[in-house]
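Enquirer: Submitted below is the structure of interest, expressed as structure tokens.
The values are calculated or read from the model by the stated rules, or taken from the named source; none is laboratory data. None of the values given here were measured: they were computed from a predicted structure. Here Cβ is always computed from backbone atoms with ideal geometry, including for glycine, and neighbour counts include all displayed protein chains. Side chains are part of the model used for accessible areas, which takes the heavy atoms of the whole protein and leaves out ligands, DNA and RNA. Shrake-Rupley method; radii C 1.70, N 1.55, O 1.52, S 1.80 Å.
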Amino acid sequence: MKILSLKLTNFMSYKGTHEINFDVPDASPVILFLGENGHGKTTIQHAARWCLYGETNYKERKIPLFDLLNRKSYEAAPAASEVDMEVVLEWEDSKKNYELTRTWSVKKDSSGWVTGSATPSLRIDHKNPVPTTAIPEYVQRFLAKEISHFFFFNGEIQDEFDKMTSNDDGASFIKSEIEKTLSIPVITEAINWLHGKESSESTAIEKANRDNAKIAQYAFDKEQALKEKTVLENELKIQMEKREKARTAIAELNKKIGNIEEVQGLTASLNIETGKIDAITSQRREIFSNIKDHLSTNVWLPNSKYLLKVWKTAQDSKNEYEKAEESARSYLRNIELLSELENSATCPLCNSVHDNTPESVKNRKIDLQKKFDEVSGKYDLGFQGVMELLSLMGFETMKVSKAIDLQKEYDELGARLAKAKNAATEVRNRLSLHGNVDVKESMVNMRAFTQNEEEATRSINSYQEDIKKKASLIESLESAISKGGTVSPEKQAAYNAFRYLRFLFTSGKESYANLVRQQVETFASESFNSIISDKKFVGLKINDSYGVDLLMKDGKIEPLRSTGQAKISAISLINGLIKTAMPEGFILMDTPFGSLDMGHRREVCKWASNSGLKVSLFMHSGEFDRNIDSEFFGNGIGRIYRIHKVDDNESSISVEV
Amino acid sequence: MSDDTVAYQHLLSTLLEIHAKNRSSNDFEDVDFVDFSETEIQQLAESLWANRFSESRTDFQDLVGKLVAEKTVQK
């Protein structure tokens, strides 16, 4: 990596275009820039910085863009015209050519104001420009801004040396800058990034582990819920069986209860018929007793029927006799009438004159007399005989008559009794079809069965609700379980990989930091030993903070005691850094010999020629004595530039042949 | 390797040396150690070095991501 050229146009004191060629042979790596103070030596470094980073500082202060513009060019430009300020830096890195151009086209309006902004352009190997956004990346690769001050070293500023070698508070700054040069922050960032990835994976794994614990709990809860659900289901089954049993019993009982109503009706009917029977039987018994009362005690009661029959016959005969008697009387009266008629010319009944022949009346009278005789005899004999018979049988007519009425009533009751008995028999027969039904017990059982059925239904509803809840719980648990949480092997492997790489780079960084510090110390000590004239020192000792001490022959450490020692130490340290961290190095050192005695000037010159770096030294003209210094540099000087001041606003630079 | 500097060589040798010790030790066997080859470690060092002056570390991060992805798939 080396600078090939720098071309300045209207930059600070350089009006117009000036080109500086940094390309010198390796054998003659030193370029000298010689000029008086304020003639434009430092401007070369400003131009390179501005081209690379778009800004440059004097000490801690950023130089305003307009102050970088060559005043003379600006003032000379006519109003409403444009003035270009431009710096072109060309370098080589990894055998590629880079040409970075930064241009500020200043438009000068009538009021003298300028407008516009500087724009960079980068071409690689003379090809088309790369995208503007990619330029900073290429610039950083060439020379990171953070460490650029080591390469554009300004020896005019004593603070720089002090910072470089300080063991006090400034050391933290230089340590930081040196570590940047050695890329330690990059490793730190990588470690932090790996740690972040590891933490991220770790967090994910921890979360997964927590989820696993939760899921394990969910699984346990699910098992419990399943068991409880099974218990509930069994209970439900029992209750359903119980209810079914109760319902079956109720159905059977309902069927029975239908019969019971019929039985109840039949039983009531039976009771009625039985009551009737009892009542009739009682009545009959009473009537029978009355019949006995009305009949003679001599008469055997069972024969009364027959006696009554006889009596009836007798009665009929009596009636017949009485009828005969009546007929006889009628015959007799008719005879008397006929006799009267026979003796009278008019009818005794209607006083009319009948033309009946007496003969026919007579004959009629004779017939009647015959009939009268016949009937009259019967009457007389039959009636008397019947009455006598009845009297002989001991009957009293009235009593018998009453007994006969009672008997008739008794018989009627007998018929009713038989009817009631028949009805009762029929009811009993029908009842016998229903078997033995205990109505009371059935009703008690019905209540018990109904109660069982209701209780079972309530339990079933409750169990079903509980089962539903359990099923819902199980479903939600299964859902939670299915979402996983298991630490995947991939995640664990990723975590292990990040963890290992972090471990590797953390350990590596520590070892690397020690190694490169020792390496810097070695290279710096070589430079230091080649420059320092006092041979009691054998090198530099760089501590962990990159503070620099002097290493004595006897191994003792001594602090820097002079500005010259500090300057040589700083140059040595930079050399050590560049040799350690850069494949090819260059350094632009402004005022390198300040505070150095002649002996050390000589050694710095020798070092510059032999350091292996492309060294540009910006020196006061008075610091360089061609006769003396040429000897110090030997053949190390590749080119000498002379910088002249034309006036306060213009410098010129030329190669000294 | 364009940046074949002394510092880079130190970094690479350091990483490889530590890695070699780790691979030969049993320290990582218990925790499902994910092995990286020497070539992979060198690639990681190169990518890290390539990004050393960049604002982003994408080369290194992308390579780590790629390698870890490969390792996890292999697992």
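Enquirer: Taking H as built 1.01 Å from N, whose amide H comes closer than 5 Å to the amide H of A:Met12, not counting residues under 5 places away?
Expert: A:Leu69, A:Asn70
Enquirer: How much length, in nm to one decimal, is gained on full extension between A:Lys245 and A:Lys370, taken as 0.36 nm per residue of separation minus their Cα-Cα distance?
Expert: Fully extending the segment from A:Lys245 to A:Lys370 adds 34.9 nm.
Enquirer: Quick one: Karplus J couplings for the range B:55-69, per residue in order, coefficients 6.51, -1.76, 1.60, θ = phi - 60°, nearest Hz, x for Gly and Pro?
Expert: Each residue's phi maps through the Karplus curve to give 6, 9, 10, 5, 4, 5, 5, 5, 5, 4, x, 5, 5, 5, 4 Hz.
Enquirer: Pull up the cross-link candidates among the aspartates and glutamates for A:Lys207, meaning alpha carbon to alpha carbon under 14 Å and not fewer than 8 places away within one chain.
Expert: Here the aspartates and glutamates satisfying the reach criterion relative to A:Lys207 are A:Glu198.
Enquirer: State which entries of A:Lys214/B:Lys71; A:Lys419/A:Lys440; A:Lys483/B:Lys66; A:Lys41/A:Lys567 exceed 25 angstrom in Cα-Cα distance in the structure shown.
Expert: From A:Lys214/B:Lys71; A:Lys419/A:Lys440; A:Lys483/B:Lys66; A:Lys41/A:Lys567, over 25 Å: A:Lys214/B:Lys71; A:Lys419/A:Lys440; A:Lys483/B:Lys66.
Enquirer: For a quick check: with amide H placed at 1.01 Å from N, whose amide H comes under 5 Å from A:Ile640's, ignoring anything fewer than 5 positions away on the same chain?
Expert: A:Leu32, A:Glu656
Enquirer: Still on this structure: Using a 1.4 Å probe and ignoring any ligands, DNA or RNA, find the accessible area of A:Val646 and quote it in Å² to the nearest 10.
Expert: 90
Enquirer: Working out 0.36 nm times the residue gap between A:Glu82 and A:Glu631, then minus their Cα-Cα distance, what length gain in nm do you get to one decimal?
Expert: Additional length available on full extension: 192.8 nm.
Enquirer: Residue by residue through A:576-588, how many Cβ atoms from other chains fall within 10 Å of the Cβ on average?
Expert: Per-residue shielding by partner chains comes out at 2.
Enquirer: Return a whole-number percent for the relative contact order of chain A, with Cα pairs under 8 Å and 6 or more residues apart as the contact set.
Expert: Reported as a whole number, the value is 26 percent.
Enquirer: Here's a follow-up. Compare A:Thr506, A:Thr17, B:Thr5 by solvent-accessible area with a 1.4 Å probe and give them largest first, with all protein chains kept in place.
Expert: These residues rank, largest area first, as A:Thr17, A:Thr506, B:Thr5.
Enquirer: Could you pull the accessible area for A:Ser654 with a 1.4 Å probe, rounded to 10 Å²?
Expert: The value for A:Ser654 is about 50 Å².
Enquirer: What fraction of the DSSP beta bridges in the protein assembly as shown is antiparallel, stated in percent and rounded to the nearest 5?
Expert: Percentage antiparallel, nearest 5: 75.
Enquirer: Report, in deg cm²/dmol and to the nearest 500, the calculated mean residue ellipticity at 222 nm for the protein assembly as shown, where each DSSP H run with n ≥ 4 adds -39500 (n - 2.57) and the sum is divided by the residue count.
Expert: Using -39500 (n - 2.57) per qualifying helix, the result is -21500 deg cm²/dmol.
Enquirer: In addition: Sorted by accessible area (1.4 Å probe), largest first, how do A:Tyr500, A:Tyr495 line up?
Expert: Heavy-atom accessible area, descending, gives A:Tyr495, A:Tyr500.
Enquirer: Separate question: In nm, to one decimal, how far is the modelled label at A:Lys62 from the one at A:Lys402, with both set 7 Å along Cα→Cβ?
Expert: Each label point is offset 7 Å from its Cα along the Cβ direction, giving 16.0 nm.
Enquirer: Let me ask something else about it. Please list, in chain and number order, the residues 5+ apart from A:Phe152 or on another chain whose amide H is under 5 Å from its amide H, with Hs placed from the backbone.
Expert: Amide H neighbours of A:Phe152: A:Leu588.
Enquirer: Could you pull out the pairs from A:Lys579/B:Lys21; A:Lys276/A:Lys408; A:Lys553/B:Lys21; A:Lys292/A:Lys408; A:Lys72/A:Lys145; A:Lys7/A:Lys180 whose alpha carbons sit more than 25 Å apart here?
Expert: Result: A:Lys579/B:Lys21; A:Lys553/B:Lys21; A:Lys72/A:Lys145; A:Lys7/A:Lys180 exceed 25 Å.
Enquirer: Which order do A:Met85, A:Met598, A:Met443 take by accessible area at a 1.4 Å probe, largest first?
Expert: Descending accessible area places them as A:Met598, A:Met443, A:Met85.
Enquirer: Another question, if that's okay. Treating only the Cβ atoms of Lys and Arg (+1) and Asp and Glu (-1) as charged, compute the dipole magnitude of chain A about its Cα centre; round to the nearest 20 debye.
Expert: So the dipole magnitude of chain A works out to roughly 1240 debye.
Enquirer: Need the full-extension length gain, A:Ile124 to A:Thr230, defined as separation in residues times 0.36 nm minus the C-alpha distance. One decimal, nm.
Expert: 30.2 nm
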